[in-house]
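Colleague: There's a structure below that I have some questions on.
The values are calculated or read from the model by the stated rules, or taken from the named source; none is laboratory data. What you see is a predicted model; the values in this text were computed from it and never measured. FYI the Cβ positions are ideal-geometry reconstructions off the backbone, even for glycines, and counts take in every protein chain you see. For the accessible areas, the whole protein counts, side chains as well, though only heavy atoms, and no ligand, DNA or RNA atoms are used. Shrake-Rupley method; radii C 1.70, N 1.55, O 1.52, S 1.80 Å.
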Amino acid sequence: MQTEFELSTQGPGLYEFTSDVRDWLKPIARDGLLTLFVRHTSCSLLVQENADPDVQTDMRAFFERLVPPSNHPSMAYLRHTYEGPDDMPAHIKAALLPVSLAIPVTSGRPVLGTWQGIYLFEHRSAPHNRSVAAHFA
Amino acid sequence: MQTEFELSTQGPGLYEFTSDVRDWLKPIARDGLLTLFVRHTSCSLLVQENADPDVQTDMRAFFERLVPPSNHPSMAYLRHTYEGPDDMPAHIKAALLPVSLAIPVTSGRPVLGTWQGIYLFEHRSAPHNRSVAAHFA
Amino acid sequence: MQTEFELSTQGPGLYEFTSDVRDWLKPIARDGLLTLFVRHTSCSLLVQENADPDVQTDMRAFFERLVPPSNHPSMAYLRHTYEGPDDMPAHIKAALLPVSLAIPVTSGRPVLGTWQGIYLFEHRSAPHNRSVAAHFA
């Protein structure tokens, strides 16, 4: 069984879509494997804590320091810059963070831990429409 | 087929559980796909070299330098600190390293390379009980 | 269904094998899930942009700066160095980048986005023969 989750983003940060995933799986009500795959090279998937919102703020802050914009002096070696200073850093973050996730499903419920949520991690500054392919079997 | 591997950790580092995985798959004796998913946001899964123990020491040392404790001056921007200086860095390392692994299985044997072992990478300082969900189909 | 893709590398960088994957899946012509797993601990898999070659150059440049060779002063703490200065950094990059990829397949076509290609990311300096296990179900 396959579907595609469509998500609209308004700048860098984490966008949770755990409930979309749960709602899709619920009627299936059996064991299997859920696979998610993001069809872009400048955003990522992420399983992370969904309790304290500060975790998401800190996460974004860390990755902005690890991979600064290409107009930052430390990134002067980057060549792929014509789409703006957030372009190549977005590709690098997309390499560092998951493009695909595989999550076992028991009786139609993904076996997420108590504090685990499923997120799209947007790395671009401009608004984007993002597409996450989902497969269940 | 599903199970859950339970692992006890005593501080940061790599804990190998390749033999648990092999033992679970052996009686199945057919082709398929193994998926592992760690049900926590402050530890990771990792496939790495299991020959020289220095690899594991170096791995841990690298990640401690890449993501220092939140009481380190370079990490003063972190907000999610109330569970201690290893709290938010653990979440960041859990973002940088795999939450899920997918490994083809041939005749009941995961197709690991000669030097590949399967590890839980613990990022927290205190002892923890960790749960890794496994799915085979 | 399983196979193994064999790739020869001549030093660090990205080696695309999207067309090998497409050719293997095409005759299947049905829905399913493709899993790729690299059987080594010093190279990685990566889904990245296949349009501008500068992206690949920048990607390699970033990771060489994030994880410099072990004879770089900042890496003096590394112990696993007997196979050369590119040895332990290769293991670290292999931890930071994917060892496995899971990609839904629709009618025999992987659901890659327009600009997504599938790459082996070589981290070692010497030429290597690399093996990527593939599973489709």
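Colleague: Is it the case that the stretch A:26-35 has a residue that's in contact with a helix residue (DSSP H, G or I) (Cβ under 7 Å, 6 or more places away or on another chain) and at pLDDT 95 or above?
Modeller: Yes - at least one qualifying residue is present in the stretch A:26-35.
Colleague: Would you confirm, using the coordinates I've provided, whether C:Ser125 is open to solvent by 10 Å² or more (accessible area, probe 1.4 Å) and in contact with a helix residue (DSSP H, G or I) (Cβ under 6 Å, 6 or more places away or on another chain)?
Modeller: It is false that C:Ser125 is open to solvent by 10 Å² or more (accessible area, probe 1.4 Å) and in contact with a helix residue (DSSP H, G or I) (Cβ under 6 Å, 6 or more places away or on another chain).
Colleague: Right, another one. Could you check how many residues of the stretch B:14-43 are part of a strand (DSSP E or B) and either open to solvent by 10 Å² or more (accessible area, probe 1.4 Å) or facing another protein chain (nearest Cβ under 9 Å) (or both)?
Modeller: Residues meeting the conditions: 9.
Colleague: Okay, moving on. Could you list, in sequence order, the residues of the stretch C:13-62 that are closer than 24 Å to C:Ser107 by Cβ, among the acidic types (Asp, Glu) and touching a Leu at 6+ places or on another chain (Cβ under 9 Å)?
Modeller: Once the filter is applied, which keeps residues that are closer than 24 Å to C:Ser107 by Cβ, among the acidic types (Asp, Glu) and touching a Leu at 6+ places or on another chain (Cβ under 9 Å), the stretch C:13-62 yields C:Glu16, C:Asp20.
Colleague: Right, another one. Determine whether A:Ser107 is open to solvent by 10 Å² or more (accessible area, probe 1.4 Å), within 14 Å of the chain's Cα centre (by Cα) and either under 16 Å from A:Phe5 (Cα atoms) or among the small types (Gly, Ala, Ser) (or both).
Modeller: Taking the combined requirement at face value, the residue does not satisfy it.
Colleague: Any residue in the stretch A:71-79 that is among the polar types (S, T, N, Q), over 17 Å from B:Arg39 (Cα atoms), exposed (fewer than 15 other Cβ atoms within 10 Å of the Cβ) and more than 9 Å from every other protein chain (Cβ to nearest Cβ)?
Modeller: Yes, the stretch A:71-79 contains at least one residue that is among the polar types (S, T, N, Q), over 17 Å from B:Arg39 (Cα atoms), exposed (fewer than 15 other Cβ atoms within 10 Å of the Cβ) and more than 9 Å from every other protein chain (Cβ to nearest Cβ).
Colleague: Something else now. In the stretch A:110-122, how many residues are open to solvent by less than 20 Å² (accessible area, probe 1.4 Å) and either away from every other protein chain (no Cβ under 11 Å) or out of contact with any strand residue (DSSP E or B) (no Cβ under 8 Å at 6 or more places or on another chain) (or both)?
Modeller: Residues meeting the conditions: 2.
Colleague: May I ask you to list the residues in the stretch A:100-117 that are out of contact with any Asp or Glu (no Cβ under 7 Å at 6 or more places or on another chain), touching a residue at least 12 places away in the same chain (Cβ under 8 Å) and of a type in the set (A, V, I, L, M, F, W, C)?
Modeller: If the condition is that a residue be out of contact with any Asp or Glu (no Cβ under 7 Å at 6 or more places or on another chain), touching a residue at least 12 places away in the same chain (Cβ under 8 Å) and of a type in the set (A, V, I, L, M, F, W, C), then A:Leu101, A:Ala102, A:Ile103, A:Leu112 are the ones that fit.
Colleague: Here is a list: C:Ala95, C:Ala90, C:Ala133. Which entry is more than 7 Å from every other protein chain (Cβ to nearest Cβ), of a type outside the set (Lys, Arg) and touching a strand residue (DSSP E or B) at 6+ places or on another chain (Cβ under 9 Å)?
Modeller: C:Ala90
Colleague: Just to check your reading of the model, which residue among C:Leu66, C:Leu7, C:Leu97 is surrounded by fewer than 22 Cβ atoms within 10 Å (Cβ to Cβ), in contact (Cβ under 8 Å) with a residue 40 or more places away in the chain and under 20 Å from B:Val55 (Cβ atoms)?
Modeller: None of the others qualify; the one that does is C:Leu97.
Colleague: Of the conditions (1) at pLDDT 95 or above; (2) under 16 Å from the mean Cα position of the chain (by Cα), A:Glu49 satisfies every one except a single condition; which number is it?
Modeller: (1)
Colleague: Now for a different question. Hey, does the stretch A:85-94 have a residue that's touching a residue at least 24 places away in the same chain (Cβ under 8 Å) and either surrounded by fewer than 17 Cβ atoms within 10 Å (Cβ to Cβ) or within 18 Å of B:Ser42 (Cβ to Cβ) (or both)?
Modeller: no
Colleague: Just wondering, is there one or more residues in the stretch B:44-62 that are open to solvent by less than 10 Å² (accessible area, probe 1.4 Å), more than 11 Å from chain C (Cβ to nearest Cβ) and not aromatic (Phe, Trp, Tyr)?
Modeller: No: the stretch B:44-62 contains no residue that is open to solvent by less than 10 Å² (accessible area, probe 1.4 Å), more than 11 Å from chain C (Cβ to nearest Cβ) and not aromatic (Phe, Trp, Tyr).
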